[in-house]
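Report on one structure; see the data block that follows.
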Amino acid sequence: EDIYGPTVCASARTRLERLRVGFVSRFSQEPDSYFRAPGRVNCLGEHVDYEGYNVLPIAIEQDVIIAFRVKREAGKTGKVYVSNTNAEYGDE
């Protein structure tokens with residue numbers, strides 16, 4: 001599954017692979033899939049869109065990527081476990 005498309009730089013693919021390896025290391029299973037949220041900045045319109053004025057958001061290279069796996073157990077409610085791949089920001 002390719003969340004970036006064919007024209008992305010090698011560093012983005014490296015980040016995605018690091019995320020995959022970290023997920024497997026932490027949860028002992030491959031992720032089911034990934035989510036990606038691209039970053040954006042407002043070149044025009046910060047705090048004016050809710051007043052009805054024009055805005056000009058622009059996508060930027062930075063993004064957030066999330067790996068996930070669904071785990072279903074009979075009779076139990078779902079839980080979400082979050083783990084950060086950056087050691088500077090611990091899991092707890």
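Looking only at E51, E30, E17, which one moves most when the chain is put into a Gaussian network model with springs between Cα atoms under 10 Å?
Maximum among the listed residues: E51.
Report, to the nearest whole %, how much of the accessible area of the chain belongs to carbon and sulfur atoms, 1.4 Å probe, protein only.
Within the chain, the accessible surface is 52 percent carbon and sulfur.
For Y53 and I3, what does the FRET efficiency come to when R0 = 30 Å and r is the distance between their Cβ atoms, rounded to the nearest 0.05?
Computed FRET efficiency for Y53 and I3: 0.35.
If you average the sequence gap of Cα pairs under 8 Å that are 6 or more apart and divide by the length of the chain, what percent do you get for the contact order?
24 percent
Which whole-percent values make up P(r) of the stretch 9-59 when all C-alpha to C-alpha distances are grouped in 5 Å steps starting at zero?
All Cα pairs considered, the percentages come to 5, 16, 15, 15, 10, 8, 10, 11, 7, 2.
222 nm [θ] for the chain, helices only, -39500 (n - 2.57) per DSSP H run of 4+, per residue, to 500?
Counting only the DSSP helices, I get -6500 deg cm²/dmol.
Over the chain, give the accessible area per residue in Å² for a 1.4 Å probe, as an integer.
84 Å²
Pick out, from Y53, T77, T14, the residue whose Cα sits farthest towards the positive end of the charge dipole of the chain, with +1 on the Cβ of Lys and Arg and -1 on the Cβ of Asp and Glu.
Positive-most Cα among the choices belongs to T77.
Computed on alpha carbon atoms, what radius of gyration and Dmax characterise the chain, expressed in Å?
Both quantities, over Cα of the chain: 17.5, 50 Å.
The values are calculated or read from the model by the stated rules, or taken from the named source; none is laboratory data. Bear in mind the structure is a predicted one, so any value in this text is a computation, not a measurement. Because the Cβ atoms are built from the backbone with ideal geometry, glycine has one as well, and the counts that use them run over all protein chains shown. Keep in mind that these areas ignore ligands, DNA and RNA; they rest on the heavy atoms of the full protein, side chains included. Shrake-Rupley method; radii C 1.70, N 1.55, O 1.52, S 1.80 Å.
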